[in-house]
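The values are calculated or read from the model by the stated rules, or taken from the named source; none is laboratory data. Predicted model only: the values in this text are computed from it and were never measured. Ideal geometry is used to build each Cβ from the backbone, glycine not excepted, and the neighbour counts take in all protein chains shown. With ligands, DNA and RNA removed, areas are computed over all heavy atoms of the protein, side chains included. Shrake-Rupley method; radii C 1.70, N 1.55, O 1.52, S 1.80 Å.
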Amino acid sequence: MAKAAARRDAALRRALDLLEKVPLIDGHNDLPWVIRRDAIARGDVLKYDLTRRHNDGDTDIPRLRQGRVGGQIWAAYVPTEIEHPARSVLEQIDIILRMHAAHPEVFLPAMRPADIARAKRLGRIASIMAVEGGVGLENSLSPLRVWHAAGARLMTLCHNGTLDWIDSATDTARHGGLTAFGRAVVRELNRLGMIVDCAHVSPEVMRQVLDISTAPIVFSHSNARALCDHPRNVPDEVLDKLAGKADGLVMATFIPDFISEEVRLWMEPIRLALANDPVTDRMEMIAARERTHGARPQATLAQLADHIEYIAGRVGPRRVGIGSDFFGLPTTPVGLEDVSRFPHLLAELFRRGWSDSAVAGIAGRNFIRVFRAVEREGERLRKRATPAVGRTEDFGSG
Ligand SMILES: [Zn+2]
């Protein structure tokens, strides 16, 4: 027992040592939505006060520091069904900008891959802005450039609902993937040097994006479909394409029903009942189901490590990252309760025999490689391609 504990400590020590040199980059955190929905703060970053420990949540500055987070992708997320989606995305972007303004000694806005290393040198957290949900385009290409100008460097094409130009993984497929407008969105993201995120899209869209995108892509918060049959996870044949000329990254996510088949089956009725907003009423629905079906089963850190090993085994450790998807609810897996826990995940990989370089890749270097390639491709394309303009109606329905 003492020996096992000592081994555990050695692995954790090794993870912490590694993170002295390598930035830990997390692919997805919904803190801006948590701040917006907080009953007291109601979107006021200063009132929310990230400097204090939020025991009712999973993300704050003390625990980001404890978890050695070196780079965080913050989602400017809005649900598909929200009223005024374009305005709402701007409000979410504004929350991220106000986080930067409130804590300049903590967050360094990362516009370029090189900013991640600079943040690490300065002892700050590289803050990478992402927009989750193409619903905020309101069927026009122009907001893409405005988001980019505001600092967004990644876009999750859709969320839980199918849009006029793209099929969601968790809704009815209406377009056979992307429409012509949807393909233009992907090309414009390439041109801008923004990372295309295929979390939430249908398998058909995943395949099409991998064909269209001339830069590597990411799945910022998804797991392996082979281990957990959730539509949000990545099927094997798409994983295989990632290893081809396309390149890209699956950033393994902590959502219990994307990790464990047992949890997925237990949560399935709740998933189907929660149309689009992943937060509202979720805890009440879980409590109601627990009264009739017993305690909700739990996913574990070890099961998440299984996903990481599966994806690495299939397409190589260079194509795996971490994308927690913390969103403020206490439904997290055992061992991955909040942002302080990242080193423990790396420690588990060390205990399974992973090398320093493979773990450094998963921790952050793989993401930096992808971000650099996306930036380079944007620079190349901007020399020859002009900005794409127009609305869905200008592109036809094909
Ligand atoms: Zn999401």
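Scoring 345-354, 387-396 by mean Cβ neighbours within 10 Å over their residues and listing the highest first yields 345-354, 387-396. Rounded to the nearest Hz, the phi-derived 3J(HN,Hα) couplings of region 152-169 under the Karplus curve 6.51 cos²θ - 1.76 cosθ + 1.60 (θ = phi - 60°) are 5, 10, 8, 10, 7, 4, 8, 10, 6, x, 5, 9, 5, 10, 7, 8, 8, 5, where x marks glycine and proline.
Computed on the chain, with alpha-carbon pairs under 8 angstrom and 6+ residues apart, the relative contact order is 21 percent. For region 291-348, a simple Cβ point-charge model (Lys and Arg +1, Asp and Glu -1, everything else neutral) yields a dipole of about 180 debye relative to the Cα centre. Only Lys, Arg, Asp and Glu carry charge here, each on its Cβ (+1 for the first two, -1 for the last two); on that basis region 237-319 has a dipole of about 180 debye about its Cα centre. Between ASP211 and MET283, the FRET efficiency from the beta-carbon distance, with R0 = 45 Å, is close to 0.65.
Once C-alpha pairs closer than 8 Å and six or more residues apart are averaged by separation and normalised to the residue number of region 27-90, the relative contact order reads 37 percent. The orientation-averaged projected area of the convex hull spanned by the Cα atoms of region 189-282 comes to 6.5 nm². A prolate overall shape is assigned to region 221-265, the ratio a/c of its alpha-carbon gyration tensor axes (a ≥ b ≥ c) being 1.5 or greater and a/b exceeding b/c.
Its convex hull of Cα atoms gives region 296-398 a direction-averaged projected area, equal to a quarter of the hull surface, of 11.1 nm². Histogrammed with a bin width of 10 Å, the alpha carbon distances of region 252-331 distribute as 17, 46, 27, 10, 1 percent, first bin at zero. Probe radius 1.4 Å, ligands and nucleic acids ignored: give me the carbon and sulfur share of the accessible area of the chain as a rounded percent. The value for the chain is 51 percent carbon and sulfur by accessible area. Within the listed set SER220, SER324, SER355, the Gaussian network model of the chain (springs between alpha-carbon atoms below 10 Å) gives the highest mean-square fluctuation for SER355. A straight Cα-to-Cα reach below 25 Å connects LYS120 with the lysines LYS21, residues fewer than 8 places away in its own chain not being considered.
If the chain between SER142 and GLU261 were fully stretched, how many nm would it gain, using 0.36 nm times the residue separation less the Cα-Cα distance? Result: 38.8 nm gained on full extension.
Top mean-square fluctuation among THR179, THR386, THR156, Gaussian network model of the chain, C-alpha springs under 10 Å? Of THR179, THR386, THR156, the most mobile in the Gaussian network model is THR386. Globularity index of region 129-237 is 0.98 (Cα radius of gyration / 2.2 N^0.38 Å, N = number of residues). Only one residue of ALA312, ALA388, LEU349 has its Cα farthest out toward the positive end of the dipole of region 280-395, where Lys and Arg carry +1 and Asp and Glu -1 on Cβ, and that residue is ALA388. Calculation over all alpha carbon pairs of the chain in 10 angstrom steps from 0 returns a P(r) of 5, 24, 36, 26, 8, 1, 0 percent.
Let me test this: with uniform point scatterers at the alpha carbons of region 1-131, what is the Debye-based log₁₀ I(q)/I(0) at q = 0.19 1/Å? Rounded to two decimals, the profile gives -1.06. Across region 18-31, computed HN-Hα scalar couplings (Karplus, 6.51 cos²θ - 1.76 cosθ + 1.60, θ = phi - 60°) run 4, 6, 5, 9, 10, x, 7, 10, 9, x, 6, 9, 9, 3 Hz from first to last residue, x flagging Gly and Pro.
Between amide H atoms placed 1.01 Å from N, distances below 5 Å from PHE219 occur with CYS198, LEU249, VAL250, MET251, all of them 5 or more places distant or on a separate chain. Given +1 at the Cβ of Lys and Arg, -1 at the Cβ of Asp and Glu and no other charges, the dipole of the chain around its Cα centre is 1700 debye to the nearest 20. For the residues ARG314, ARG63, ARG384, a GNM of the chain with alpha-carbon springs under 10 Å puts the largest fluctuation on ARG384. Each peptide among 38-50, 108-120 gets the average number of other Cβ atoms lying within 10 Å of its residues, and from highest to lowest they stand as 108-120, 38-50.
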